[in-house]
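Structure, as structure tokens:
No lab work stands behind these numbers, since they all come straight from the coordinates. Quick caveat: nothing in here was measured; it's all calculated off a predicted structure. A quick note on method: Cβ atoms are made from the backbone with ideal geometry, for glycine too, and the neighbour counts reach across all protein chains shown.
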Amino acid sequence: MTPLEIKKDIFWVGAVDFDNRDFHGYSLSPQGSTYNAYLIKDEKNVLFDTVSAHCATTLLCRLAKVLPPERVDYIVCNHLEPDHAGALKAVVERCKPEKIFCSKLGLQSMAGYFDISNWPVQVVSNGEEICIGKRTITFVETRMLHWPDSMVSYIKEDRLLISNDAFGQNIASTERFADQWNPYALAQAVKEYYYNIVLPYSPQVLKVLPLVESLDIDMIAPDHGLIHRGQESVRLILDMYRTLAEQKPQKRAVIIYDTMWHSTEKMAAAIISGLEEQGVPVRLMSLKENHHSAVMSEIAQCGAVIVGSPTHNNTYLPLVGAMLTYMKGLRPQNRIGGAFGSFGWSGEAPKQIYEWLSSMGWDMPVDALRQKWSPDMECYKAAHAMGATIAKALIAKCEG
Ligand code: FEO
């Protein structure tokens, strides 16, 4: 329960949730996550965000090592999702703050989750500043990054951005800073988090980035995972976000599939050889072996996504259906798609997958590939040709 001073009189007082494995369908396996909360000691003592409800005691114990909880004057709620506001009721009851700040839409969320009739809530507007002594807090609304209520808090005197969900990662560790983590593992964690949470809001990211870049910042403190300290670390995460949000096509493919009696799996192998021959690296991901959030992380680096399923009860297999639903909700853009699968009786699945991927706005350079019963030589040739055609289309897109 040790707080960490991240800048003079600014403390991390959050909680590490090593055991959480699911965040509304996003697998946190194998390590869990961190709910960061920050405390500034000044003429007014300010707590930024809380933690998940089951970590309320952890937050209060950590906070109490900096100052008695009743000396917290203000609470800033940058975002009301329960991983950051679940402990709010317990914290309000313990601290009895003079004011609780949130955005206009945050007020709606807060009132939806809690009885706030006796809470001293004050709505702040975009760009509004409050003085807390030696410091000023500027509130910047970041609507739909990633909830309507989302905002970030900027403390110019400390060149600090408390960024809520933006720039986070699901890392559970006693380390607090990104520069203490393996750079490759950090990049993977940022990518996984972005592709499973932030991706649909990429247009908002591209709007917010210039604003963040215009601020004098040498530390970005998100509400999940590790803190980006120093100019180099800040530049790195901003550049990563720009790259992830732009979704420029990348010369790499992934084949996602499920199979009943291995025929669809065999078709996948022939599609791989067509892609390989054209020089496009490819990864095969069985949905029996790979969680849909791991697949989304892979899609982050793939300009082509090819989906296969046999037909079962006139449609695709359940794992494929779950994957398609999850992927469509996250709205990956600027991809080339492909659909294939075997069947015995009716064979609807590949066409349904094709239509699904088309409805996501993807380029579909090859018709759905269907094979009745086991693949024969003609089917393998067609599957190989499908891989080659998609590879050529992808290379042209990357170069175009
Ligand atoms: Fe980390 Fe939107 O909650």
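Run through the range 247-352 and list the chymotrypsin sites (Phe, Trp or Tyr not before Pro) located in a DSSP loop whose Cβ has at most 13 other Cβ atoms within 10 Å. Don't jump to the answer; show the numbers that get you there.
On the way: sites: 257, 261, 316, 326, 340, 343, 345; in loops: 261, 316, 345.
Those that pass, being in a loop and sparsely packed, are 261, 345.
Could you check the simple spin-label distance between residue 322 and residue 53, using points 7 Å along Cα→Cβ, in nm with one decimal?
2.5
What residues have an amide H closer than 5 Å to that of residue 284, excluding those fewer than 5 places away on the same chain, when H is modeled at 1.01 Å from N in the peptide plane?
It is 255, by chain and number.
Most fluctuating residue of 58, 34, 174 in a GNM of the chain with Cα springs under 10 Å: which is it?
174
Could you give the distance between the Cα centres of the range 140-192 and the range 343-364, to the whole Å?
So the separation of the two Cα centres works out to 37 Å.
What is the sum of charges, Lys and Arg at +1 and Asp and Glu at -1, for the other residues whose Cβ falls under 11 Å from the Cβ of residue 229?
On the way: positive: 7, 159, 176; negative: 179, 218, 232.
Every neighbour counted, the sum reads 0.
By the scheme Lys and Arg +1, Asp and Glu -1, what is the net charge of all other residues having a beta-carbon under 12 Å from that of residue 275?
Values: positive: 251, 252, 283, 392; negative: 276, 277.
Counting the neighbours of residue 275, the net charge comes to +2.
Testing the spin-label approximation: label points 7 Å from Cα along Cα→Cβ at residue 114 and residue 291. State their distance in nm.
3.0
Do any cysteines in the chain lack another Cys Cβ under 4.7 Å, and if so which?
55, 61, 95, 131, 302, 379, 398
Within the range 275-330, list the trypsin sites (Lys or Arg not before Pro) lying in a DSSP loop whose Cβ has at most 13 other Cβ atoms in a 10 Å radius. Mind showing how you got there, number by number?
On the way: sites: 283, 288, 328; in loops: 288.
Passing both the DSSP loop test and the Cβ count: 288.
If R₀ is 51 angstrom, what is the calculated FRET efficiency for the pair residue 131 and residue 21, using the beta carbon separation as r and rounding to 0.05?
On the way: r = 42 Å, r/R0 = 0.83.
Rounded to the nearest 0.05, the efficiency is 0.75.
Which of the three applies to the range 279-324, rounded, prolate or oblate, going by the alpha-carbon gyration tensor with a ≥ b ≥ c and a/c under 1.5 meaning rounded?
Working: a/c = 2.43, a/b = 1.70, b/c = 1.43.
In terms of gyration-tensor shape, prolate.
How large is the Kirkwood hydrodynamic radius of the range 7-149, counting all unique pairs of alpha carbons, in Å? Kindly include the intermediate steps, with their values, before the conclusion.
Working: mean 1/r = 0.0645 Å⁻¹.
About 15.5 Å, per the Kirkwood formula over Cα pairs.
I want to verify a result. In a Gaussian network model of the chain, Cα cutoff 10 Å, which of these has the top mean-square fluctuation: 176, 235, 252?
Taking springs between Cα atoms under 10 Å, the residue moving most is 235.
Around residue 109, with a cut-off of 9 angstrom between Cβ atoms, what is the net charge of the other residues, counting Lys and Arg +1 and Asp and Glu -1? Could you put the intermediate results ahead of the total?
Details: positive: none; negative: 81, 149.
Once positives and negatives cancel, what remains is -2.
Taking 0.36 nm per residue of separation and subtracting the Cα-Cα distance, what length does fully extending residue 283 through residue 243 add? Provide the component values of the computation, followed by the final result.
Values: separation 40, 0.36 × 40 = 14.40 nm, distance 2.13 nm.
Difference between extended and current length: 12.3 nm.
Under a GNM of the chain (C-alpha, springs under 10 Å), which listed residue has the highest mean-square fluctuation: 210, 69, 375?
Checking each option, the largest mean-square fluctuation is seen for 210.
Enumerate the lysines that residue 89 could reach by cross-link, defined here as Cα to Cα under 30 Å, with residues fewer than 8 away along the same chain left out.
7, 8, 41, 44, 65, 99, 104, 134, 156
If you take the C-alpha gyration tensor of the range 253-399, multiply each eigenvalue by 5 and take the square root, what semi-axes do you get, largest first, in whole Å?
Working: eigenvalues 83, 66, 35 Å².
The three semi-axes for the range 253-399 are 20, 18, 13 Å.
Grab the alpha carbons of the chain, take their convex hull, and tell me the volume per residue in Å³.
Numbers: hull volume 54.2 nm³, N = 400.
With only Cα atoms used, the chain gives 135 Å³ per residue.
Using θ = phi - 60° and the Karplus relation 6.51 cos²θ - 1.76 cosθ + 1.60, list the HN-Hα couplings for the range 345-360 in order, rounded to whole Hz, with x at every Gly or Pro.
10, 10, x, 7, 3, x, 5, 5, 5, 4, 5, 4, 5, 4, 5, 8
Calculate one ³J(HN,Hα) per residue across the range 158-170 by plugging θ = phi - 60° into the Karplus curve 6.51 cos²θ - 1.76 cosθ + 1.60, and present them in order as whole Hz with x for glycine and proline.
For the range 158-170, the Karplus-derived couplings read 9, 6, 10, 10, 8, 9, 6, 6, 5, 6, x, 8, 8 Hz, x marking Gly and Pro.
Explain nothing, just compute: Karplus ³J(HN,Hα) = 6.51 cos²θ - 1.76 cosθ + 1.60, θ = phi - 60°, for every residue of the range 241-252 in order, whole Hz, x for Gly and Pro.
Rounded to whole hertz, the list is 5, 4, 4, 5, 6, 5, 6, 5, x, 10, 7, 6.
Looking only at the chain, where both bridge partners belong to it, what percent of the DSSP beta bridges are antiparallel (to the nearest 5)? Let's see the in-between values first.
Working: 28 of 62 bridges.
If I count the DSSP bridges inside the chain, around 45 percent turn out antiparallel.
Given the C-alpha centroids of the range 293-330 and the range 221-235, what is the distance between them in whole angstrom?
32
With no solvent and one equal point scatterer placed on each C-alpha of the range 312-400, evaluate the Debye formula and give log10 I(q)/I(0) for q = 0.14, 0.19, 0.21 Å⁻¹, two decimals.
For the range 312-400, the Cα-only Debye profile gives -0.54, -0.93, -1.08.
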